[in-house]
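The values are calculated or read from the model by the stated rules, or taken from the named source; none is laboratory data. Just so it is clear, the model here is predicted, and its values are computed rather than measured. As a convention, Cβ positions derive from the backbone with ideal geometry for all residues, glycine included, and neighbour counts pool all protein chains shown.
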Amino acid sequence: MNAASVDGVILYYYDLYPERIESYGQVQKITTSRGTYALKKTNMNKEQLDWFLHCMNRLNEIGYHHVVPIVPTKYGDSNVTNGYHSFYLTRWCDHEARSGFQYEDFIIDELGKLHSHTVKAQSFSDEVVKDSYNALIQRFEQRQLEMERFTELSERQTYISPFELRYLSQFHRLMRMAEDAKQHVISWYQSCEEQKRYRSVMCHGRPFRGHIVVDQLGEGNFINFERAILDTPVRDLAYFFRTAAHYPEWEEQVALEWLGQYERHLPLLPEEKLLLASYLKFPEPVFSTIQTYQGTHDLSQLELVRKLDRKLNVMRSLDRFANQILQPITEMG
């Protein structure tokens, strides 16, 4: 790909004269005599872009430096808008996995630091907590309804596929998990109402290996704070654990150690553990596999069954992990 494929107007704002340009989706790798850069094109609207830039500035203010910083334009701006798109520039960091780098240890430790530096006890609002409760219950029930519909469709088939047979054999267990998850949401809501408290932190939004780069010194850094949001710390933790559970390194005891590592920075409140358990127990991974099954024509039945089995194993492990998280609360209650 040549330099003409990148809008010269954008690079003008950075005084960059490319020697080589490579495209990686929405990111272009710009090699120059001054160094190598990543130019990211985004579809964020003005409100989303302003929030993203505010989060990046906030990270700088609190002295959080494990994030790849934005390179300002020669005029001191954080981004360039051209037509319907906005662009921002960072130093290029290789995304290749570094053998020996402990990604999950790094992520969970940094989430603990990030959350502890941005935690805020919100003025309690019955309306806000109730809205969050209703939205989550509605989401869980909608997912359950769609899984029940898939069950009914499968049972009506003259020929039930291997994927459908495997799913049907686990359906009642999955529904029990879903009901457990809903009960924990109810307990979380009741506890928030009783304690009159709710905490928010700056959440990365998608904390997983793909959003970590390791520099030449072996230091890890977060990228892509475009989905950053002020929310309960559980938002990041649930995403982290549900993603980590798919890696070969996953063990429930190790996951408990990760949670302990996080809590050295920000101990979770009992109601936050209830909310975390609800997210971990709900069979969202299986629901997404059903969507894949209904929409794909590329995978064989064997591949689809293997995919489902992997998700079922993950769900069973997350369910046990959630029970271990709740054990101290259960014993106290």
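Here are some notes:
- Residues that are under 23 Å from the mean Cα position of the chain (by Cα) and charged (D, E, K, R), drawn from the range 111-127: K113, K120
- With respect to (1) modelled with pLDDT under 95; (2) surrounded by 16 or more Cβ atoms within 10 Å (Cβ to Cβ); (3) of a type in the set (A, V, I, L, M, F, W, C); (4) under 30 Å from H246 (Cα atoms), the lone exception for I10 is condition (4).
- Looking across the range 128-169, the residues that are in a helix (DSSP H, G or I) and either on the phi > 0 side of the Ramachandran plot or among the aliphatic types (A, V, I, L, M) (or both) come down to V128, V129, A135, L136, I137, L145, M147, L153, L165, L168.
- The condition of being more than 16 Å from I70 (Cβ to Cβ), aromatic (F, W, Y) and touching a strand residue (DSSP E or B) at 6+ places or on another chain (Cβ under 9 Å) holds for only one of Y24, Y14, Y37, that being Y24.
- Test: residue in the range 288-300 that is over 20 Å from R242 (Cβ atoms), outside any helix (DSSP H, G or I) and among the polar types (S, T, N, Q): yes
- Any hit, the range 264-286, residues being in contact with a Leu (Cβ under 7 Å, 6 or more places away or on another chain), buried (at least 19 other Cβ atoms within 10 Å of the Cβ) and free of Cβ contacts under 8 Å to residues at least 24 places away in the same chain: no
- Where a residue in the range 187-207 is among the aromatic types (F, W, Y) and its partner, wherever it lies, is surrounded by fewer than 18 Cβ atoms within 10 Å (Cβ to Cβ), with Cβ under 7 Å and at least six apart: Y198/Q122; Y198/F124
- Here R206 clears all of (1) out of contact with any Leu (no Cβ under 9 Å at 6 or more places or on another chain); (2) farther than 26 Å from N43 by Cα except the condition numbered (2).
- Candidate set from the range 185-205 (those that are within 18 Å of L280 (Cα to Cα) and in contact with a Lys or Arg (Cβ under 7 Å, 6 or more places away or on another chain)); member that is surrounded by the most Cβ atoms within 10 Å (Cβ to Cβ): C203
- Against the numbered list (1) closer than 20 Å to G112 by Cβ; (2) touching a helix residue (DSSP H, G or I) at 6+ places or on another chain (Cβ under 7 Å), Q253 comes up short only at (2).
- Whichever residue in the range 124-139 is free of Cβ contacts under 8 Å to residues at least 24 places away in the same chain and of a type in the set (D, E) and, among such residues, is nearest to A277 (Cα to Cα): D131
- Screening the range 24-42 for residues that are of a type in the set (S, T, N, Q) and at pLDDT 90 or above and picking the one that is farthest from the chain's Cα centre (by Cα) gives S33.
- When the strands (runs of 3 or more DSSP E) confined to the range 206-256 are screened for residues that are exposed (fewer than 13 other Cβ atoms within 10 Å of the Cβ) and not hydroxyl-bearing (S, T, Y), none reaches at least 3 such residues.
- Residue in the range 284-303 that is in the same structural domain as K196 (by TED's automatic domain parsing) and closer than 23 Å to V129 by Cα present: yes
- Answer residue from the range 175-193, given it is modelled with pLDDT of 95 or more and among the hydrophobic types (A, V, I, L, M, F, W, C) and is farthest from Y279 (Cα to Cα) among those: M175
- In the range 73-127, residue modelled with the lowest pLDDT [restricted to those that are assigned to a loop (DSSP other than H, G, I, E, B) and among the basic types (K, R)]: R98
- Pick from the range 287-298, criterion of a type outside the set (S, T, N, Q) and closer than 19 Å to F150 by Cα, ranking: surrounded by the most Cβ atoms within 10 Å (Cβ to Cβ): I290
- Filtered residues of the range 148-159 (kept if in contact with a helix residue (DSSP H, G or I) (Cβ under 6 Å, 6 or more places away or on another chain) and either without any contact (Cβ under 8 Å) to a residue 24 or more places away in the chain or under 15 Å from F282 (Cα atoms) (or both)): T151, S154
- Annotation for the range 159-182: at least one member residue is among the β-branched types (V, I, T) and surrounded by fewer than 17 Cβ atoms within 10 Å (Cβ to Cβ).
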